[in-house]
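Beneath this line is the structure, given in structure tokens, with notes to follow.
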């Protein structure tokens, strides 16, 4: 066993990076392997309840976009963060460092490779992100959320192992709930834009609902995540059109809300796509169009191949298009049920355990039976 030495998880920036790290932490805890977390200031609002025995804040910044001066400052911050991470790793001597992408991952993983500490990257998306690409040649192994990964060389693919994307315990709980029936003839929608919300959903979904005939509007039940500045106008639009709706900037029980929905309208972040598959819910996915790597489009294509998701470019995501899709959903509930089954078939509910197995092999941690 590991004694008092821990596995150091490196994640930050957004919930999209922290949620899979949290799931791995829970899986490792079940194996009596201690976990510590290295993150940045932005992630502390998500990480306050992170299941780690210690949380370390390490300077990080993103050296892309902005002026040359801003890029230079970001690089200096990363260098300072790497020096801080080296001191931390020398002090705690982790069994392994596991990075979950984004530039807050760079200092701890880079320090681990310099010090000869076993290292793993987890790439959630179907196209490898820039920070992970920068480190991929240096680490021991790469765990992937999708079976196929774009944006990498054959040499990097040789290091890859498909584990899937670990999902939170709340998602696994939601996955046990059956697909809702249609006995009351209602159609229940969940509309979400990821951890930050998405204005396009606030701009398109309410007018799409308004285009439906009154008889269908009366059967529509919507739970919608909207940015704080959009919340009241979205709620007011639904009140005007007579649609039953609950609108909020954040739903702490989002996995349960997903399980209660007949159809989910969302962006196509890796966590969202993986949760839709594990819970087993049909979706309309609108990939974020301005990503340099087009990672969300690749994520969405994976789920679309199963028949579970309809994917629409943001430029074509209009109220008229969505109203037509909602009308189809009302008229063909059996089709939604079939798409839910297709989504479920693509889910990897034991991804956290698969990733924990990989950590055990790379860090040479003996299993309890050995």
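The values are calculated or read from the model by the stated rules, or taken from the named source; none is laboratory data. All figures in this text were calculated on a predicted structure; none of them were measured in a lab. Cβ placement follows ideal geometry from the backbone for every residue including glycine, while neighbour counts extend to all protein chains displayed.
Of everything in region 201-225 that's without any contact (Cβ under 8 Å) to a residue 12 or more places away in the chain and under 16 Å from residue 331 (Cα atoms), which residue is surrounded by the fewest Cβ atoms within 10 Å (Cβ to Cβ)? I'd like the intermediate steps shown before the answer.
First pass over region 201-225, keeping only residues without any contact (Cβ under 8 Å) to a residue 12 or more places away in the chain: 203, 213, 215.
Checking the rest, the ones that are also under 16 Å from residue 331 (Cα atoms) come to 213, 215.
Working: 213: 10, 215: 8.
Within region 201-225, the match that is surrounded by the fewest Cβ atoms within 10 Å (Cβ to Cβ) is 215.
Determine, yes or no, whether residue 170 is surrounded by 15 or more Cβ atoms within 10 Å (Cβ to Cβ), in contact with a strand residue (DSSP E or B) (Cβ under 7 Å, 6 or more places away or on another chain), touching a residue at least 24 places away in the same chain (Cβ under 8 Å) and outside any loop (DSSP other than H, G, I, E, B). Break it down stepwise before answering.
Details: surrounded by 15 or more Cβ atoms within 10 Å (Cβ to Cβ): yes; in contact with a strand residue (DSSP E or B) (Cβ under 7 Å, 6 or more places away or on another chain): no; touching a residue at least 24 places away in the same chain (Cβ under 8 Å): yes; outside any loop (DSSP other than H, G, I, E, B): yes.
Answer is no for this residue.
Collect the residues in region 3-20 that are under 17 Å from the mean Cα position of the chain (by Cα), closer than 12 Å to residue 355 by Cβ and modelled with pLDDT of 95 or more, keeping them in residue-number order. Full working, then the answer.
First, the residues of region 3-20 that are under 17 Å from the mean Cα position of the chain (by Cα): 9-20.
Of the ones still in play, those that are also closer than 12 Å to residue 355 by Cβ are 9, 20.
Within region 3-20, 9 is the sole residue that qualifies.
Inspect region 298-310 for any residue being closer than 19 Å to residue 203 by Cα and crowded, with 20+ Cβ neighbours inside 10 Å and give the result as yes or no.
Looking for residues that are closer than 19 Å to residue 203 by Cα and crowded, with 20+ Cβ neighbours inside 10 Å, one finds none in region 298-310, hence no.
What is the one condition in (1) closer than 21 Å to residue 301 by Cβ; (2) modelled with pLDDT of 95 or more that residue 166 does not satisfy?
Residue 166 satisfies all of (1) closer than 21 Å to residue 301 by Cβ; (2) modelled with pLDDT of 95 or more except (1).
With 307, 360, 269 as the choices, which residue is in contact (Cβ under 8 Å) with a residue 24 or more places away in the chain and within 30 Å of residue 116 (Cα to Cα)? Break it down stepwise before answering.
Numbers: 307 fails: within 30 Å of residue 116 (Cα to Cα); 269 fails: within 30 Å of residue 116 (Cα to Cα).
Only one candidate passes the filter, namely 360.
Can you confirm whether residue 228 is under 21 Å from the mean Cα position of the chain (by Cα) and in contact (Cβ under 8 Å) with a residue 12 or more places away in the chain?
Numbers: under 21 Å from the mean Cα position of the chain (by Cα): no; in contact (Cβ under 8 Å) with a residue 12 or more places away in the chain: yes.
When the stated conditions are applied, residue 228 does not pass them.
Would you mind stating whether residue 322 is surrounded by 20 or more Cβ atoms within 10 Å (Cβ to Cβ) and free of Cβ contacts under 8 Å to residues at least 60 places away in the same chain? Outline the logic, then answer.
Working: surrounded by 20 or more Cβ atoms within 10 Å (Cβ to Cβ): yes; free of Cβ contacts under 8 Å to residues at least 60 places away in the same chain: no.
It is false that residue 322 is surrounded by 20 or more Cβ atoms within 10 Å (Cβ to Cβ) and free of Cβ contacts under 8 Å to residues at least 60 places away in the same chain.
Table: residues versus (1) buried (at least 24 other Cβ atoms within 10 Å of the Cβ); (2) closer than 30 Å to residue 32 by Cα; (3) touching a residue at least 12 places away in the same chain (Cβ under 8 Å); (4) touching a helix residue (DSSP H, G or I) at 6+ places or on another chain (Cβ under 9 Å).
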{"position": "55", "(1), (2), (3), (4)": "no, yes, yes, yes"}
{"position": "92", "(1), (2), (3), (4)": "no, yes, yes, no"}
{"position": "117", "(1), (2), (3), (4)": "no, yes, yes, yes"}
{"position": "132", "(1), (2), (3), (4)": "yes, yes, yes, yes"}
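Consider residue 160 carefully, then state whether it is at pLDDT 95 or above, in contact with a helix residue (DSSP H, G or I) (Cβ under 6 Å, 6 or more places away or on another chain) and not assigned by TED's automatic domain parsing to the domain that holds residue 328. If you could, list the steps in order and put the result at the bottom.
Details: at pLDDT 95 or above: yes; in contact with a helix residue (DSSP H, G or I) (Cβ under 6 Å, 6 or more places away or on another chain): no; not assigned by TED's automatic domain parsing to the domain that holds residue 328: yes.
Here the answer is no, as residue 160 does not meet what is asked.
What is the number of the single condition among (1) farther than 23 Å from residue 267 by Cα; (2) touching a residue at least 24 places away in the same chain (Cβ under 8 Å) that residue 239 does not meet?
(2)
Looking only at region 173-191, which residues are part of a helix (DSSP H, G or I) and surrounded by fewer than 23 Cβ atoms within 10 Å (Cβ to Cβ)? I'd like the intermediate steps shown before the answer.
Of the residues in region 173-191, the ones part of a helix (DSSP H, G or I) are 173-175.
173, 175 - these are the residues of region 173-191 that are part of a helix (DSSP H, G or I) and surrounded by fewer than 23 Cβ atoms within 10 Å (Cβ to Cβ).
Can you name the number of the only condition in (1) within 17 Å of residue 128 (Cβ to Cβ); (2) under 16 Å from the mean Cα position of the chain (by Cα) that residue 280 fails?
With (1) within 17 Å of residue 128 (Cβ to Cβ); (2) under 16 Å from the mean Cα position of the chain (by Cα) applied to residue 280, the lone miss is (1).
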